[in-house]
1. Determine the pairs where a residue that is over 16 Å from residue 169 (Cβ atoms) and without any contact (Cβ under 8 Å) to a residue 60 or more places away in the chain, located within the range 10-31, has a partner that is surrounded by 13 or more Cβ atoms within 10 Å (Cβ to Cβ) and small (Gly, Ala, Ser) with Cβ atoms under 8 Å apart, the partner being 6 or more residues away or on another chain.
2. Hey, any hits in the range 159-173 for a residue that's buried (at least 19 other Cβ atoms within 10 Å of the Cβ) and small (Gly, Ala, Ser)?
3. Condition test on residue 60, is it assigned to a helix (DSSP H, G or I) and modelled with pLDDT of 90 or more?
4. Does residue 39 meet the test of being under 18 Å from residue 87 (Cβ atoms), buried (at least 19 other Cβ atoms within 10 Å of the Cβ), out of contact with any Pro (no Cβ under 8 Å at 6 or more places or on another chain) and not aliphatic (A, V, I, L, M)?
5. Looking only at the range 155-172, decide whether some residue is without any contact (Cβ under 8 Å) to a residue 24 or more places away in the chain, closer than 25 Å to residue 76 by Cα and of a type in the set (Lys, Arg).
6. Tell me, yes or no, whether the range 93-107 has at least one residue that is touching an Asp or Glu at 6+ places or on another chain (Cβ under 6 Å) and either on the phi > 0 side of the Ramachandran plot or surrounded by 17 or more Cβ atoms within 10 Å (Cβ to Cβ) (or both).
7. Could you grab me the full set of residues in the range 66-81 that are in contact with a Gly (Cβ under 7 Å, 6 or more places away or on another chain) and either surrounded by fewer than 20 Cβ atoms within 10 Å (Cβ to Cβ) or not aromatic (Phe, Trp, Tyr) (or both)?
8. Hey, can you tell me all the residues within the range 128-146 that are within 20 Å of residue 70 (Cα to Cα), buried (at least 16 other Cβ atoms within 10 Å of the Cβ) and touching a residue at least 40 places away in the same chain (Cβ under 8 Å)?
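The values are calculated or read from the model by the stated rules, or taken from the named source; none is laboratory data. These figures come from a predicted structure and were not determined experimentally. Counting neighbours? That spans all protein chains shown, and the Cβs are built from the backbone with ideal geometry, glycine included.
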Amino acid sequence: MDILLATRNPGKRTEFLELLGGLPVNVLIAEDVGLSEMDVVEDGDTLLYNATLKAHAYAKASGLWTVADDSGLFVDALDGLPGVNTAYYGGPAKLLAALEGVPAPRTARFECVVMLCSPSLQTEHVVGVCPGQIGHELRGLGGFGYDPAFIPDGYTQTFAEMSHAEKNPISHRGRAVALILPALRRLVEQGG
């Protein structure tokens, strides 16, 4: 069964496949279905709104079951910033500068909304949350985005210092995919 992942990023497909744990689906991305030029403007004020925009646009354009996500980093000392605008905030160095002088613990959480959308635009969504804190320096070379600054609760390493095997089950995206997995399994069992 084909599932479209609403992205142009092949790295997201790799991560998603790892999180699916062998579920028998063929995960496609935009370029696989002739949508490599498609760009959905994510101008909503919530992660759910943005995930819905992407899910509807890609499902409608492709006629396929589609999985879309949106995620953000919410820092308590910054009143929730960068939040829904995480991708446009300016990166981890800007984040550390904004937190200059704020003592530990600098609590924060990553959130991820994962949306499953049918070709007829019926949706189901879940939210994965990973609480933690922002460190005082950037550490690690793995991951992407704010991973070098984020230390999940119960750990001393940043996401960027963890292997995929360590990070995936506890990350916001990993938790969200685990929550949407039963719906995907039902879909596979029903043959789409």
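1. Hits for this filter: 30/6.
2. The answer is yes; a qualifying residue exists.
3. Values: assigned to a helix (DSSP H, G or I): yes; modelled with pLDDT of 90 or more: yes.
Answer is yes for this residue.
4. Details: under 18 Å from residue 87 (Cβ atoms): yes; buried (at least 19 other Cβ atoms within 10 Å of the Cβ): no; out of contact with any Pro (no Cβ under 8 Å at 6 or more places or on another chain): yes; not aliphatic (A, V, I, L, M): yes.
For residue 39, the condition - under 18 Å from residue 87 (Cβ atoms), buried (at least 19 other Cβ atoms within 10 Å of the Cβ), out of contact with any Pro (no Cβ under 8 Å at 6 or more places or on another chain) and not aliphatic (A, V, I, L, M) - is not met.
5. No - not one qualifying residue is present in the range 155-172.
6. Start the filter on the range 93-107 by keeping residues that are touching an Asp or Glu at 6+ places or on another chain (Cβ under 6 Å), which leaves 107.
Within this subset, residues satisfying the condition of being either on the phi > 0 side of the Ramachandran plot or surrounded by 17 or more Cβ atoms within 10 Å (Cβ to Cβ) (or both) are none.
No: zero hits.
7. As a first pass, look at the range 66-81 and keep what is in contact with a Gly (Cβ under 7 Å, 6 or more places away or on another chain): 72, 74.
Matches in the range 66-81: 72 only.
8. Answer for the range 128-146, where residues must be within 20 Å of residue 70 (Cα to Cα), buried (at least 16 other Cβ atoms within 10 Å of the Cβ) and touching a residue at least 40 places away in the same chain (Cβ under 8 Å): 128, 130, 145, 146.
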